[in-house]
Amino acid sequence: VQISYVAHNGAVHKVTASLGISLMEAAAMNRVPGIEGDCGGFCACGTCHCYVDEKDAILLPEMHELERATLDFAYDVTERSRLACQIPITEQMDGIRVRLPARQY
Ligand code: FES
């Protein structure tokens, strides 16, 4: 599926991602700047913070307690914030745009 990562400065990185890997892994495999994933996807670092538009949020799994807690470590958190490592890519997410924050640290 196609995923577009939109950097804070508006630069778009479009990647082709396999089903089942996370939004963080797809970004890392394609060297998308602006997303770190320091903990390797264990929901422990908060450096895979991203924003998902309201219209797309329905395509994602609900946020669990641990994700919510780890998001507290991220910067510039909003209602649209998610941790990319906690979102496995599904077929329905084809064409989705994921916005990245200005910083992860
Ligand atoms: Fe560390 Fe997502 S990669 S919380």
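Please treat every number below as a calculation from the coordinates, not as lab data. Just so it is clear, the structure is predicted and the values come from calculations on it, not from any experiment. Glycine gets a Cβ as well: all are built from the backbone with ideal geometry, and neighbour counts include every protein chain shown.
Brief remarks on what is shown
- Using a cutoff of 8 angstrom between alpha carbon atoms and counting only pairs six or more residues apart, the relative contact order for the chain works out to 41 percent.
- Alpha-carbon spread of the chain, three principal axes, descending order, Å: 29, 27, 25
- Of Cys48, Cys85, Cys39, the one that fluctuates the most in a GNM where the chain has Cα springs shorter than 10 Å: Cys39
- Panel order for Val15, Val32, by other beta carbons found within 10 Å of each beta carbon, from fewest to most: Val15, Val32.
- Phi-derived couplings, Karplus 6.51 cos²θ - 1.76 cosθ + 1.60 at θ = phi - 60°, listed residue by residue for the range 69-85: 5, 5, 4, 4, 7, 7, 9, 6, 6, 10, 5, 8, 6, 9, 9, 5, 6 Hz, with x used for Gly and Pro.
- The sum of -39500 (n - 2.57) across all DSSP H runs of n ≥ 4, divided by the residue count of the chain, sets its helix-only mean residue ellipticity at 222 nm to -4000 deg cm²/dmol.
- Sparse packing (at most 10 other Cβ atoms within 10 Å of the Cβ) combined with a DSSP loop state is found for the following GluC sites (Glu not before Pro) in the range 1-65: Glu62.
- Here is the list for the chain: trypsin sites (Lys or Arg not before Pro) lying in DSSP coil, each with at most 12 other C-beta atoms within 10 angstrom of its C-beta, are Arg31.
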